[in-house]
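Here's the structure we're looking at; comments come further down.
The values are calculated or read from the model by the stated rules, or taken from the named source; none is laboratory data. These numbers come from a predicted model, not from an experiment. With ideal geometry, Cβ positions are generated from the backbone for all residues, glycine too; neighbour counts draw on all protein chains shown.
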Amino acid sequence: MKPYDLDYFGKDASALRDKRLFLFDMDGTLNQDERLFDGAKELLAAIRIMGGEYVFITNNSTHSVEDLIAKMTRLGVPSAPDNYFTATMATIYYLKEHYSGALVYCQGTKSFVGELAKAGIRTTEKVDESADIILVGYDGELTYPKLRNTCEMLSRFDKPFFATNPDLCCPASFGFVPDCGSICQMLTNSTGRKPTFLGKPDPAMVYGAHARFSRSTEETCVVGDRLYTDVAVGLNAGTAAIAVLTGEATAEMIETGDIIPTYTFQSVKEMWRVLDPDGTVRV
């Protein structure tokens, strides 16, 4: 058996060649800001050559699908709207199912609010007693006035409180920046209110990708750098769950924690070598 048939912990990973639907986290897994990790292009090409599909499932609600397609195009990765399932999309589906016609007070980026509006969801970014629910996203345009408005909404009105994702930090070129989970911790510390999170590790995005590509749980694997969202969503959905050590997760976390990936690789480059053991893919 060749060395690259083994994962970081010495487990035979050749069964990955039987998978046909690969669900990838983005930040910290395939890329870091505007830098694509070594082996990412080859891995995605190998998946297509073996008759599979890849989908980017991201908790990052800062950008629209159009923004993400443009970013991946800049990085040299071909994609289309069907290649994405985001926390924003999961939030839209949830709101339409449970709060059809509701007025949503929203704290988030212009892209996030725009995607909600495009989906027919009524939103307001002002303190408004008539709002039916309060929604917070990962906001890369966050300001103190936004936080103040959300605190006022949470303090004055007993409205259901939701957030797109529990991630505490998002990878950046220099390390990490606060993500939606950290923003919500500030709000909880100030108001005592805790949100219900709608993105990973809830398995809705995985199930949606199954339906979109008519693939089974056994044919699917989830790949990510964060244990409590990326790996956990795969385990919650009953699929294989792969951790890469290019973002938040470390070998020590896996060895000492209670969220155990099916496979662990140092990077997506090692995963590519498992799917393409002869090294024939070149892009």
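Restricting to region 60-77, and then to whatever is small (Gly, Ala, Ser) and out of contact with any Gly (no Cβ under 8 Å at 6 or more places or on another chain), can you tell me which residue is farthest from PHE37 (Cα to Cα)?
ALA70
Which one of these is among the polar types (S, T, N, Q), more than 24 Å from ASP82 (Cβ to Cβ) and in contact with a Gly (Cβ under 9 Å, 6 or more places away or on another chain): THR256, THR217, THR262?
Details: THR256 fails: in contact with a Gly (Cβ under 9 Å, 6 or more places away or on another chain); THR217 fails: more than 24 Å from ASP82 (Cβ to Cβ).
Exactly one of THR256, THR217, THR262 is among the polar types (S, T, N, Q), more than 24 Å from ASP82 (Cβ to Cβ) and in contact with a Gly (Cβ under 9 Å, 6 or more places away or on another chain), namely THR262.
Could you tell me which of the residues ALA249, ALA209 is under 19 Å from PHE9 (Cα atoms), buried (at least 22 other Cβ atoms within 10 Å of the Cβ) and among the small types (Gly, Ala, Ser)?
Working: ALA209 fails: under 19 Å from PHE9 (Cα atoms).
Of the residues listed, the single one that is under 19 Å from PHE9 (Cα atoms), buried (at least 22 other Cβ atoms within 10 Å of the Cβ) and among the small types (Gly, Ala, Ser) is ALA249.
Mind counting the residues in region 241-250 that are farther than 15 Å from GLU270 by Cα and either more than 16 Å from the chain's Cα centre (by Cα) or hydroxyl-bearing (Ser, Thr, Tyr) (or both)?
So the answer is 1.
Filter region 236-245 down to the residues that are touching a Gly at 6+ places or on another chain (Cβ under 8 Å) and over 13 Å from TYR8 (Cα atoms), then identify the one that is surrounded by the most Cβ atoms within 10 Å (Cβ to Cβ).
Among those that are touching a Gly at 6+ places or on another chain (Cβ under 8 Å) and over 13 Å from TYR8 (Cα atoms), it is ALA241.
Select from region 124-157 the residues that are hydroxyl-bearing (Ser, Thr, Tyr) and surrounded by fewer than 18 Cβ atoms within 10 Å (Cβ to Cβ) and list them in ascending order.
THR124, SER130, THR143, TYR144, SER155, listed by residue number.
Of all residues being more than 24 Å from LEU147 (Cβ to Cβ) and part of a strand (DSSP E or B) in region 84-102, which is farthest from the chain's Cα centre (by Cα)? Just the residue, please.
The residue in question is TYR84.
Kindly state which helices (runs of 4 or more DSSP H) lie completely within region 103-206 and contain at least 2 residues that are under 30 Å from THR239 (Cβ atoms) and modelled with pLDDT under 95.
Correct list: 110-118.
Can you name every residue in region 60-83 that is in a helix (DSSP H, G or I) and either out of contact with any strand residue (DSSP E or B) (no Cβ under 6 Å at 6 or more places or on another chain) or closer than 14 Å to ASP27 by Cα (or both)?
Taking region 60-83 and keeping what is in a helix (DSSP H, G or I), we get 65-74, 81-83.
Of everything in region 60-83, those that are in a helix (DSSP H, G or I) and either out of contact with any strand residue (DSSP E or B) (no Cβ under 6 Å at 6 or more places or on another chain) or closer than 14 Å to ASP27 by Cα (or both) turn out to be GLU66, ASP67, LEU68, ILE69, ALA70, LYS71, MET72, THR73, ARG74, PRO81, ASP82.
This table checks each residue for (1) touching a helix residue (DSSP H, G or I) at 6+ places or on another chain (Cβ under 6 Å); (2) among the hydrophobic types (A, V, I, L, M, F, W, C); (3) assigned by TED's automatic domain parsing to the domain that holds HIS210.
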residue	(1), (2), (3)
GLU42	yes, no, yes
ALA45	no, yes, yes
ARG48	no, no, yes
GLY51	no, no, yes
VAL55	yes, yes, yes
SER64	yes, no, no
LYS71	no, no, no
MET89	no, yes, no
TYR93	no, no, no
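Identify the residue in region 46-56 that is buried (at least 20 other Cβ atoms within 10 Å of the Cβ) and touching a residue at least 60 places away in the same chain (Cβ under 8 Å) and, among all such residues, is farthest from GLU270 (Cα to Cα).
VAL55
Right, ASP132: more than 20 Å from the chain's Cα centre (by Cα) and outside the structural domain of PHE24 (by TED's automatic domain parsing) or not?
Yes.
Filter region 236-248 down to the residues that are in a loop (DSSP other than H, G, I, E, B) and modelled with pLDDT of 95 or more and list them by number.
Passing the criteria: GLY238, THR239, LEU245, THR246.
Taking interchain pairs and intrachain pairs at least six residues apart, which have beta carbon atoms under 9 angstrom, with the first residue in region 141-165 and at positive phi and the second hydrophobic (A, V, I, L, M, F, W, C) and surrounded by 12 or more Cβ atoms within 10 Å (Cβ to Cβ)?
Close Cβ pairs satisfying both conditions: none exist.
Which one of VAL274, VAL283, VAL233, VAL222 is outside any helix (DSSP H, G or I) and surrounded by 22 or more Cβ atoms within 10 Å (Cβ to Cβ)?
One residue alone meets the criteria, VAL222.
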